[in-house]
Amino acid sequence: MTYKMDRVMRKFISFVFFLSFLFAEDEIQVALTTASPLSPVYLSTVIMEKDGDGESYFNRLRQVLAFDLDNSGYIVLLEKEKSKETILSNNDLKVAFDPLFWKEQKTRFVIKFFGENKQLNVFIYDTLKNQSKLFATINLSADIDKDRKKIHKISDDILLEYLGKKGIAQYVILYTVRRDNPDRKGMKWLSEVFACDFDGENSRQLTFENNYCVTPVPLPSAYKGSIPGFLYVSYKKGIPKIYMNLENEGRAFVQLRGNQLLPSISLNFDQLAFISDAAGRPDLFLQRLDRRRIPLGKPIQLFSAPRATQASPAFSPDGKKLAFVSDKDGTPRIYIMKVPEIGEDNVLPSAHLLTKKNKNNVTPAWSNDGTKLVYSANTSGPREIWIYDFNTDEERQLTFGKENKENPCWADDNLHIVYNTEDKDISELYIINLNNPKPVKISTGLGQKRFPVWGR
Amino acid sequence: MKKVLSLIVVFLFACLITASCQRTSSQTWENMKTADSFFNHGYDDSRLINDSRAFIGPEDADFIALNEKELKTQFAISDKAIPQPRYSPGDKGSPIGSLGDFKKPEGKLADLFKNLHFDTDDHVLRSKEDLATLHQMADYLKRNPRVYLTVEGHCDERASAAYNMALGARRANHVRVLLIKNGIDFNRIYTISHGKEKPLALGHGSDDWSANRRVEFRLYAK
């Protein structure tokens, strides 16, 4: 009898569960409290030495530091407050960094931005350790682009010393600018490679081909913050080919017939993947490079599929896998394949489908830690930025809005992404970080800014 | 009983014969997607080539190719791998000085070498009219063996710039293959992909998009 009752009870409970499952309108959501990854920091306004001049110049530099810290992905700058400014303006650091006062403000650390004549002094008070010090002194050159670089370094140094995090404020971003050609007799549009700082400032033109250059790929810099050598695709001889820019001169890089498009280089700079129609179809090709980053042997046809278009290869950080776009099974989606070892070169490798959630998944880029892939996908209309997480095998949407977003690229810190929008004739550069996914427009000026990549 | 059994055997045999004579659905799909049906059955004057060696000629090994055997089982006749000309115009050894020497066709030639159009996200010419035009182009090129041609693939603005660069190459190569299948030397036809970088119509509506999904031609007479 009890056994029978038990069975009836079980059936009843299963039925109730089934009904609740059937009529549930939304997913069950469980709210979990998580600590914010952003540390609150107070950055003073410019505090000038008595009778000091050049306050507007110091203000510009302060803006640079504020941008760098606020967009570092680890810090949130607190709003300006009169009481804080009053106490920080005191010349006596013991008063300015009064532990009792700052303990109440719940700041991780406090920065006093102090200008005197041609010197900038940055004082920092660590509220956890109750320690203050003159963190950096820089002699200003009055050249804003030079001094801006010094500020970027201070920002990265602050992150490393106080939060133990690697900053990316000193990195440059390569991109292209497409403009109408002022010469009516020539081609209608020109596109050249440019570079700018992390905050979009200090924009400078790198190619002067008076032609059409796209998809730059950085080579390693001689030192951090310098303009790297780079590969790019140019139409200067009519058919698009991959060139290497060295000392402001573009030299043909890969010896291969036909169109050469969409180059991608491995993290160790020992392999180059690109798309070529040398065989009569837009296939995926690989070119091995030697230690001097010069092509080693012949290019290898890596992947081809019937009636399909292959595009946008991207190496995994260890260089052993390639993500790429193919429409071989319908709309363009992202596939992963193993890069063949030497000797396996002419075997058609199998490629497995990675992104399944959306249609038209394009322009993949692997994070340097190998845990994530960022790409652009059609999302109920516009193309948005999505992230595939290899640890959870989940795809999640990072950006929202009306404009198309494409060409996302990870920074070295695996936290920041730069991408460009495409809205009719307007294309701008944005950065976003995973800890504070609010896009920040960094580009200014005329022309369509596209194909951004972080310098290395 | 024996009669019934023999009837069943005859029936099964007839089914087997009928089925083996039918085109498989995948074959039909292949033909539809690649315009094979037009080229194999549509025109009397087309030169049908079933073996790629007949028109590719000796392939210069400037890259390590994928295993041909594996690819052969996958590709349709109009999706053959036909290598690009060995030299780009302007290269050492090229019969042509520069791609800048190629001009947009004018006069009657402009009517013949007109832009051909594609469906969204497609790289195959669908319209019978376009395919007929392509045959006429091939005839002209056969009659004028010193004329060289560029096929420039373009896309509309809707897909990403990067993907469109590859799609433009796909479109240009599809048209190139069709011309070569009609007897034109593969060394006379160059492809260039412009993706969506050079739109013809500057608007943002469906008419502009369809005008921009195209291949354009340029000619050079040696």
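The values are calculated or read from the model by the stated rules, or taken from the named source; none is laboratory data. What you see is a predicted model, and the numbers here were worked out from it, not measured in a lab. Note: ideal-geometry Cβ built from the backbone for every residue, glycine included; neighbour counts use all protein chains shown. For accessibility, only protein heavy atoms count, side chains too; no ligands or nucleic acids. Shrake-Rupley method; radii C 1.70, N 1.55, O 1.52, S 1.80 Å.
List of remarks:
- Candidate set: the range A:379-418, residues that are of a type in the set (A, V, I, L, M) and under 27 Å from B:MET165 (Cβ atoms); chosen: the one nearest to the other protein chains (Cβ to nearest Cβ): A:ILE385
- Within the range A:137-170, the set of residues being open to solvent by less than 20 Å² (accessible area, probe 1.4 Å) and in a loop (DSSP other than H, G, I, E, B) comprises A:GLY167, A:ILE168, A:ALA169.
- Considering the range A:178-211, and only residues there that are open to solvent by less than 10 Å² (accessible area, probe 1.4 Å) and in a strand (DSSP E or B), the residue that is farthest from the other protein chains (Cβ to nearest Cβ) turns out to be A:ASP197.
- Flag if A:THR421 is among the β-branched types (Val, Ile, Thr), out of contact with any Cys (no Cβ under 8 Å at 6 or more places or on another chain) and away from chain B (no Cβ under 13 Å): no
- Filter result (surrounded by fewer than 20 Cβ atoms within 10 Å (Cβ to Cβ), over 12 Å from the mean Cα position of the chain (by Cα) and charged (D, E, K, R)) within the range A:379-420: A:ASP389, A:ASP393, A:GLU394, A:GLU395, A:ARG396, A:LYS402, A:GLU403
- Looking across the range B:132-147, the residues that are touching a residue at least 40 places away in the same chain (Cβ under 8 Å), open to solvent by less than 30 Å² (accessible area, probe 1.4 Å) and in contact with a strand residue (DSSP E or B) (Cβ under 9 Å, 6 or more places away or on another chain) come down to B:LEU134, B:MET137, B:LEU141, B:VAL147.
- Residue within the range A:87-105 that is over 18 Å from A:SER56 (Cα atoms) and hydroxyl-bearing (Ser, Thr, Tyr) present: no
- Residues satisfying the stated conditions in the range B:88-104, i.e. in a helix (DSSP H, G or I) and open to solvent by less than 60 Å² (accessible area, probe 1.4 Å): B:LEU99, B:GLY100
- The one condition from (1) buried (at least 20 other Cβ atoms within 10 Å of the Cβ); (2) farther than 24 Å from A:SER234 by Cβ; (3) among the acidic types (Asp, Glu) that A:ASP423 does not meet is (1).
- Count of the range A:331-350 residues, restricted to those that are at pLDDT 90 or above and at positive phi, is 0.
- Top-ranked residue of the range A:78-136 - restricted to ones that are assigned to a loop (DSSP other than H, G, I, E, B) and in contact with a Phe, Trp or Tyr (Cβ under 6 Å, 6 or more places away or on another chain), ranked as most open to solvent (accessible area, probe 1.4 Å): A:LEU78
- Residues in the range B:107-131 that are outside any helix (DSSP H, G or I) and open to solvent by 40 Å² or more (accessible area, probe 1.4 Å): B:GLY107, B:LYS114, B:ASN115, B:HIS117, B:ASP119, B:THR120, B:ASP121, B:ARG126, B:SER127.
- Selection within the range B:60-108 - at pLDDT 75 or above, under 28 Å from B:THR133 (Cα atoms) and of a type in the set (A, V, I, L, M): B:ILE82, B:ILE96, B:LEU99
- Lone unmet requirement of (1) out of contact with any strand residue (DSSP E or B) (no Cβ under 9 Å at 6 or more places or on another chain); (2) away from chain B (no Cβ under 14 Å); (3) farther than 20 Å from A:THR421 by Cα for A:ILE168: (1)
Yes or no, residue by residue, for (1) over 16 Å from B:ALA162 (Cα atoms); (2) surrounded by 14 or more Cβ atoms within 10 Å (Cβ to Cβ):
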position	(1), (2)
A:ILE334	no, yes
A:PRO340	yes, yes
A:LEU354	yes, yes
A:LYS357	yes, yes
A:ASP369	yes, no
A:ALA377	no, yes
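- The range A:170-207, subset touching a Pro at 6+ places or on another chain (Cβ under 8 Å) and not aliphatic (A, V, I, L, M), residue farthest from A:ASP156 (Cα to Cα): A:THR176
- Inclusion of A:ALA314 among residues that are at pLDDT 95 or above, part of a strand (DSSP E or B) and more than 12 Å from every other protein chain (Cβ to nearest Cβ) is not warranted.
- Matching entry among B:ARG218, B:ARG171 (being surrounded by fewer than 21 Cβ atoms within 10 Å (Cβ to Cβ), among the basic types (Lys, Arg) and in contact (Cβ under 8 Å) with a residue 40 or more places away in the chain): B:ARG218
- Residues satisfying the stated conditions in the range B:203-213, i.e. in a loop (DSSP other than H, G, I, E, B) and either hydroxyl-bearing (Ser, Thr, Tyr) or at the interface with another protein chain (Cβ under 8 Å from one of its Cβ atoms) (or both): B:HIS204
- With respect to the stated conditions, A:LEU174 fails to be touching a Gly at 6+ places or on another chain (Cβ under 8 Å), open to solvent by 40 Å² or more (accessible area, probe 1.4 Å) and either hydrophobic (A, V, I, L, M, F, W, C) or not in a loop (DSSP other than H, G, I, E, B) (or both).
- The range A:317-328, subset open to solvent by 10 Å² or more (accessible area, probe 1.4 Å) and within 13 Å of another protein chain (Cβ to nearest Cβ), residue farthest from the chain's Cα centre (by Cα): A:LYS328
- Matching residues in the range A:235-282 - criterion: being more than 11 Å from chain B (Cβ to nearest Cβ), among the acidic types (Asp, Glu) and outside any strand (DSSP E or B): A:GLU247, A:ASP270
- Among the residues of the range B:150-202, those identified as of a type in the set (A, V, I, L, M, F, W, C), over 25 Å from A:VAL217 (Cα atoms) and part of a helix (DSSP H, G or I) are B:ALA172, B:VAL175, B:VAL177, B:LEU178, B:LEU179, B:ILE180, B:PHE186.
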